[in-house]
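**Student:** First, the structure itself, so that you have it in front of you.
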Amino acid sequence: PAVHMLRPHEELPENVLKDKGFTKVFLAGTIDMGNSRDWQAEMYDHFTKSGGRYILFNPRQEKWDPSRPGEMDYQVRWELEHLEQADLILMYILGTSKSPISLLEMGLHARGGKMVVICEEDFYRYDNVRITCDYYGVPLFTSLDSYLNP
């Protein structure tokens with residue numbers, strides 16, 4: 001396949017790891033402990049239809065178990081490592097969420113030149129996101145549809 005989804009505790013096939021022809025995209029943004037819309041699955045469908053070659057880094061675990069010893073450290077370090085490895089950080093903040101980790105990650109990577117932010121206007125800190133994106137030249141969209149269908 002031309003699109004691979006990688007989540008924590010998963011491995012990519014060796015031939016994919018060695019292939020430099022993939023664009024690596026980190027799917028940052030709202031997860032709300034797995035209780036939010038699974039927009040990452042929607043992005044997989046989008047990238048599959050796009051015709052390109054992608055590895056999607058998806059921090060949303062299918063079976064998140066925070067009681068597992070060392071799991072929190074593993075999860076945070078996995079996210080930090082894959083944010084660094086990504087060619088593109090696609091951040092989607094849903095208006096109904098708090099998304100504190102997304103804001104932290106946005107702060108870490110806003111200057112990096114590889115971030116696109118989608119933030120719904122009813123997000124309680126939308127103005128902070130809007131102003132920060134404007135200041136650092138980060139492309140900002142107000143809906144997933146406006147990003148996917150410009």
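**Student:** I'm checking my understanding of the structure. Among residues of the range 56-88 that are part of a loop (DSSP other than H, G, I, E, B) and polar (S, T, N, Q), which one is most open to solvent (accessible area, probe 1.4 Å)?
**Tutor:** For the range 56-88, the residue satisfying everything is Ser67.
**Student:** Follow-up. Scan Ile89, Ile31 and give me the residue that is touching a helix residue (DSSP H, G or I) at 6+ places or on another chain (Cβ under 6 Å) and over 13 Å from Leu6 (Cα atoms).
**Tutor:** Sole residue among the options that is touching a helix residue (DSSP H, G or I) at 6+ places or on another chain (Cβ under 6 Å) and over 13 Å from Leu6 (Cα atoms): Ile89.
**Student:** Further question: Return the residue satisfying two criteria in turn: it lies in the range 120-143 and is aromatic (Phe, Trp, Tyr) and open to solvent by 60 Å² or more (accessible area, probe 1.4 Å), and of such residues it is nearest to Leu88 (Cα to Cα).
**Tutor:** Here the residue is Tyr136.
**Student:** Among the listed residues Glu121, Glu81, Glu105, identify the single one that is out of contact with any helix residue (DSSP H, G or I) (no Cβ under 9 Å at 6 or more places or on another chain) and either closer than 17 Å to Ile31 by Cα or not aliphatic (A, V, I, L, M) (or both).
**Tutor:** Result: Glu81 is the single residue among Glu121, Glu81, Glu105 that is out of contact with any helix residue (DSSP H, G or I) (no Cβ under 9 Å at 6 or more places or on another chain) and either closer than 17 Å to Ile31 by Cα or not aliphatic (A, V, I, L, M) (or both).
**Student:** Mind listing just one residue for me: the one in the range 24-55 that is among the polar types (S, T, N, Q) and surrounded by 14 or more Cβ atoms within 10 Å (Cβ to Cβ) and, of those, farthest from Arg125 (Cα to Cα)?
**Tutor:** Step by step, filter the range 24-55, then rank; the result is Thr48.
**Student:** Report, by residue number, each residue of the range 117-131 that is among the aromatic types (Phe, Trp, Tyr) and in a helix (DSSP H, G or I).
**Tutor:** Result: Tyr126, single match.
**Student:** Got at least one residue in the range 121-132 being under 17 Å from Arg60 (Cβ atoms) and in contact with a strand residue (DSSP E or B) (Cβ under 8 Å, 6 or more places away or on another chain)? Let's see the steps before the verdict.
**Tutor:** Filtering the range 121-132 for residues under 17 Å from Arg60 (Cβ atoms) gives none.
The answer is no; no qualifying residue exists.
**Student:** Next question. Do you know which residues across the range 89-112 are within 21 Å of Asn58 (Cα to Cα), assigned to a loop (DSSP other than H, G, I, E, B) and open to solvent by 80 Å² or more (accessible area, probe 1.4 Å)?
**Tutor:** Thr96, Lys98
**Student:** Residues in the range 7-16: is at least one within 26 Å of Gly95 (Cα to Cα) and surrounded by 14 or more Cβ atoms within 10 Å (Cβ to Cβ)? If you could, list the steps in order and put the result at the bottom.
**Tutor:** Let us first name the residues in the range 7-16 that are within 26 Å of Gly95 (Cα to Cα), namely 7-8.
Remaining after also requiring surrounded by 14 or more Cβ atoms within 10 Å (Cβ to Cβ): 7-8.
Within the range 7-16 (the criterion being within 26 Å of Gly95 (Cα to Cα) and surrounded by 14 or more Cβ atoms within 10 Å (Cβ to Cβ)), the answer is yes, since at least one residue qualifies.
**Student:** Let me ask another. Return the pair list, or none, for Cβ contacts closer than 6 Å from residues in the range 17-40 that are touching a residue at least 40 places away in the same chain (Cβ under 8 Å) to residues that are of a type in the set (Gly, Ala, Ser) and in a loop (DSSP other than H, G, I, E, B), at least 6 apart or on different chains.
**Tutor:** Once the first residue is touching a residue at least 40 places away in the same chain (Cβ under 8 Å) and sits in the range 17-40, its partners that are of a type in the set (Gly, Ala, Ser) and in a loop (DSSP other than H, G, I, E, B) give Lys24/Ala86; Phe26/Ala86; Thr30/Ser36; Thr30/Ser97; Thr30/Ser99; Asp32/Ser97.
The values are calculated or read from the model by the stated rules, or taken from the named source; none is laboratory data. Since this is a predicted model, take the numbers as computed values, not measurements. Ideal geometry is used to build each Cβ from the backbone, glycine not excepted, and the neighbour counts take in all protein chains shown. Just the protein is used for accessible areas: all its heavy atoms, side chains included, with ligands, DNA and RNA removed. Shrake-Rupley method; radii C 1.70, N 1.55, O 1.52, S 1.80 Å.
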